[in-house]
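Trainee: What follows is a structure written as structure tokens; I'll ask about it next.
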Amino acid sequence: MRTVDFLGVMHELVTFVRVAEMGSFSAAARQLGVTPSAISRQVARLEKALGVSLLQRTTRQLRMTDAGLEVLEQGRAMVAALQATFQVAEGHAGIPRGLVRVSAPKAFARHVLQPLLLDFIQRYPAVDVHLLVVDRRVDPLREGVDLVIRLTDDPPQGLVARALLPVRQLLLASPAYLDSHSPVRVPEDLMGHSCLAIGEQERDSRWRFVRGQDVVSVAVSGRYTVNHSEMRLTAIEAGLGVGCVPDFVARDALAAERVVRVLPDWAFDTNYQGMAYLLYAGSRYKAPKVRVLIDHLVAAWRPTNIGVQPG
């Protein structure tokens, strides 16, 4: 029977799992803070210890062998168990400390998340927060992010998903615009108005409305298209036309009566809304620094606390 350096193999197995998840030696090297050649040597030592080839290397990509796929499955479980072991130990210390990485969409991060994080930092002086503000979908497992905020009606499988609050798109216009144009009483009236579309997809210029059993789809047009919610709100306030804005962005402008709701009896049906979910990897043990931030956000993210009323 071969003598195996299990401690060395475990170290190299962690490296292999990271390479497989990141898709390249260079990406794994950047995350682990070593050179790609060092990563390559570690994977080669693991292959030698196991006596099988794990990766097929080409100039353009890495491809997993059948043995590599099986080793990856077991390796992930072993790495997760090792992480859980450290989390148990950290949990016994009982003092939240260290860095927590959080990601959220841009407008949501500014209007809703930022005040809560500033309050959290004041309450927990030993915990640092790295906020990643991006509109793309962040994979917490691959990108090393502890908590992800995502607006969706279909939270991903394999992650814990805590529903926080619903986010709606509201159809708005300035009082001055409405005073100088024909009334908007039904969705079809929008065809005679200047409408501010988001413009990220072709279907963004076809607005869909729902009221009870009634569903109406209207093709709209206008002189200004912009996929930034705050800029769209500024244009609406300036009287450029009718446009949609997330409720948490529109809150102050509505309260100050700089804008008013259009077709408030109709639900504006669009892909750019949904439930705000807090997503994170499932584990029996959570590091105290992550656990206290989860508790802080869940406790604070209630409609009465943040001024966003549920639909």
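Trainee: Treating the beta-carbon of each Lys and Arg as +1 and of each Asp and Glu as -1, no other charges, what is the dipole magnitude of the chain about its Cα centre, to the nearest 20 debye? Please report the intermediate quantities before stating the final value.
Mentor: Values: 36 positive and 31 negative charges, 185 e Å.
Around 880 debye, computed over the chain.
Trainee: Would you please state the base-10 log of I(q)/I(0) at q = 0.07, 0.11, 0.12 1/Å for the chain, with intensities from the Debye formula using one equal scatterer on every alpha carbon?
Mentor: Results for the chain at q = 0.07, 0.11, 0.12 Å⁻¹ read -0.41, -0.82, -0.91.
Trainee: Let me ask something else about it. Between the stretch 11-70 and the stretch 159-184, what's the alpha-carbon centroid distance in Å?
Mentor: After rounding, the separation between the Cα centres reads 49 Å.
Trainee: What ³J(HN,Hα) values, in whole Hz, does the Karplus curve 6.51 cos²θ - 1.76 cosθ + 1.60 give for the stretch 46-57 when θ = phi - 60°, with x put for Gly and Pro?
Mentor: Computed from phi, the couplings for the stretch 46-57 are 5, 4, 5, 5, 7, x, 9, 8, 9, 10, 9, 9 Hz.
Trainee: Oh, and also: Using θ = phi - 60° and the Karplus form 6.51 cos²θ - 1.76 cosθ + 1.60, what ³J(HN,Hα) does each residue of the stretch 170-177 get, whole Hz, x for Gly and Pro?
Mentor: Going residue by residue, I get 9, 8, 10, 7, 7, x, 5, 5 Hz, with x marking Gly and Pro.
Trainee: Can you put 48, 289, 106 in order of accessible area, largest first, using a 1.4 Å probe?
Mentor: Final ranking, largest accessible area leading: 48, 106, 289.
Trainee: Using a simple charge model, +1 on the beta-carbon of Lys and Arg, -1 on the beta-carbon of Asp and Glu, nothing else, what dipole does the stretch 143-220 show about its Cα centre, in debye to the nearest 20? If you can, show how the numbers build up before the last one.
Mentor: Values: 8 positive and 11 negative charges, 45 e Å.
Computed about the Cα centre, the dipole is about 220 debye.
Trainee: Just to be sure I understand: of the beta bridges DSSP finds with both ends in the chain, what percent are antiparallel, rounded to 5?
Mentor: Details: 31 of 44 bridges.
Antiparallel bridges: around 70 percent, rounded to the nearest 5.
Trainee: Further, regarding this structure: Which residue, chosen from 281, 207, 229, occupies the Cα position most advanced towards the positive end of the dipole of the stretch 170-311, where the dipole is computed from +1 (Lys, Arg) and -1 (Asp, Glu) charges on Cβ about the Cα centre?
Mentor: Farthest towards the positive pole: 281.
Trainee: A further question follows. Which order do the peptides 62-74, 233-245 come out in when sorted by mean C-beta neighbours inside 10 angstrom, highest first? Don't skip to the end; give the middle numbers.
Mentor: On the way: 62-74: 14.5, 233-245: 21.2.
Sorting 62-74, 233-245 by mean packing, highest first, produces 233-245, 62-74.
Trainee: Apply the Karplus parameterisation 6.51 cos²θ - 1.76 cosθ + 1.60, with θ equal to phi minus 60°, to every residue of the stretch 109-126 and state each ³J(HN,Hα) to the nearest whole Hz, in sequence, with x for glycine and proline.
Mentor: The phi angles translate into 4, 6, 8, 10, 6, 3, x, 5, 5, 4, 5, 4, 4, 5, 6, 10, x, 8 Hz.
Trainee: Hey, another quick one. Take the alpha carbon atoms of the stretch 89-157, find their center, do the same for the stretch 191-231, and report the distance between the two centers in whole angstrom.
Mentor: Taking the Cα centre of each part, the stretch 89-157 and the stretch 191-231 sit 32 Å apart.
Trainee: What figure in square angstrom, to the nearest 10, would you give for the accessible area of residue 153 with a 1.4 Å probe?
Mentor: Rounded to the nearest 10, that gives 130 Å².
Trainee: Next up: For the stretch 18-144, give the magnitude of the charge dipole about the Cα centre (Cβ charges: +1 Lys/Arg, -1 Asp/Glu; no others), in debye to the nearest 20. All intermediate terms of the calculation are to be shown ahead of the outcome.
Mentor: Values: 17 positive and 11 negative charges, 85 e Å.
My answer is approximately 400 debye.
The values are calculated or read from the model by the stated rules, or taken from the named source; none is laboratory data. Only a predicted model underlies this, so the values are computations on that prediction, with no experimental measurement involved. Cβ coordinates were reconstructed from backbone atoms using ideal geometry, including for glycine residues, and neighbour counts include every protein chain displayed. Keep in mind that these areas ignore ligands, DNA and RNA; they rest on the heavy atoms of the full protein, side chains included. Shrake-Rupley method; radii C 1.70, N 1.55, O 1.52, S 1.80 Å.
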